[in-house]
Amino acid sequence: MSVRIPLSGQSRFHSAVESCANVAVGYAVALLSQLAIFPMFGIHVPLSTNLAIGAWFTVISLVRSYVIRRWFNGLKFRSRA
């Protein structure tokens, strides 16, 4: 099975793989950061709480990224008109 890459950039499949990898790495970075930084501020929470906090920050990051991407996409097409 070959994957066709459009002239405009990467295929949808590769975009999806990249997005999934980005989310997974972001979640891992958030979790590891919390485990390292929270104790420095006297915040001690169970691992399950850290996992939930990391998940919420990941969702927030996805929404932020989507909104900014759509905003810039709108600016790109608006400037051509």
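How many residues does region 32-65 contain that are more than 19 Å from Ser19 (Cβ to Cβ) and either of a type in the set (Lys, Arg) or within 17 Å of the chain's Cα centre (by Cα) (or both)? Spell out how you get there, then give the answer.
At the first step, the residues of region 32-65 found to be more than 19 Å from Ser19 (Cβ to Cβ) are 32-53.
Now drop any that are not either of a type in the set (Lys, Arg) or within 17 Å of the chain's Cα centre (by Cα) (or both), which leaves 32-34, 51-53.
The total comes to 6.
Does Phe77 satisfy the criteria of being within 24 Å of Ala16 (Cα to Cα) and either at pLDDT below 95 or not polar (S, T, N, Q) (or both)?
Details: within 24 Å of Ala16 (Cα to Cα): yes; either at pLDDT below 95 or not polar (S, T, N, Q) (or both): yes.
Judged against the criteria, Phe77 is a match.
If I filter region 25-77 down to residues being of a type in the set (S, T, N, Q) and in contact (Cβ under 8 Å) with a residue 12 or more places away in the chain, which single residue comes out as surrounded by the fewest Cβ atoms within 10 Å (Cβ to Cβ)?
The residue in question is Ser61.
The values are calculated or read from the model by the stated rules, or taken from the named source; none is laboratory data. This structure is a prediction, so every number in the text was calculated from the model and none was measured. Counting neighbours? That spans all protein chains shown, and the Cβs are built from the backbone with ideal geometry, glycine included.
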